[in-house]
1. Restricting attention to region 53-69, and to residues there that are part of a helix (DSSP H, G or I) and touching a Leu at 6+ places or on another chain (Cβ under 7 Å), which single residue is modelled with the highest pLDDT?
2. Looking only at region 31-63, which residues are within 19 Å of LEU82 (Cβ to Cβ) and in contact with a Pro (Cβ under 8 Å, 6 or more places away or on another chain)?
3. Of the residues LYS77, LYS98, which is of a type outside the set (Asp, Glu) and within 22 Å of LEU201 (Cβ to Cβ)?
4. In the list VAL174, VAL100, which residue meets the criterion of being modelled with pLDDT of 95 or more and within 22 Å of LYS60 (Cβ to Cβ)?
Amino acid sequence: MITTNNKFNSLFNQILSEAKEPFDASKIEQFKAENKQVTIIPARLQPMHIGHKSLIESAKYPVVILIVEGEKTSLDKDKNPLSFEDRKKVIEAAKLEKIVGILKINMASIPLMIDICRKSGFEPKELICGLDRQIGYKAQIDKYASQLSANIEVTVLERDEESEDVSGISATKVREAIRSNNYKAASKMMFNLTPELFNFLKEKLA
């Protein structure tokens, strides 16, 4: 069985092997200068809701959403019922101007995030995550980022899911409202939830 660390190391070596030109020391500054500096937010977003607003609004740069669709998340259909395209549709419907990109990653790996962002014309400068992910992401950045000539700051924002205000909204509560056909409750927890989008999600969550 391959451990997570071995997977990251293997992925890191593969990225360097396949992308020697972009990461060549003599060309890296020009390569980085051509890309748009962004804040990256890796998340499952099943679906995106107004509880994520603080993450996006606090970003120091335009935001690229990195939708995680790994092997484990794909198998857990109860917590992860929506496909990448489904989630992208919800994010686009929110019409949040600060979001400049929506990309898919199959692993919460810093080398992969850097690689996919750069290939899409973005240079990650900030990563926003919850407290539970802080140590893991910082460890990856310390290990890999300098070798990829990346400088990424980690910003931690924590939500209280037991709270009755916006910070207490969760994807689970949103899914429960949609599955119970409660449009009023769901629309209070999501951005621009039209009846058409509500019916679309209700069908997907059936």
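The values are calculated or read from the model by the stated rules, or taken from the named source; none is laboratory data. The structure displayed is predicted, hence computed values, not measured ones. Backbone-built Cβ (ideal geometry, glycine too); neighbour counts: all protein chains shown.
1. ILE56
2. GLN46, the sole residue that qualifies.
3. On inspection, the qualifying residue turns out to be LYS77.
4. Matching residue, one of VAL174, VAL100: VAL100.
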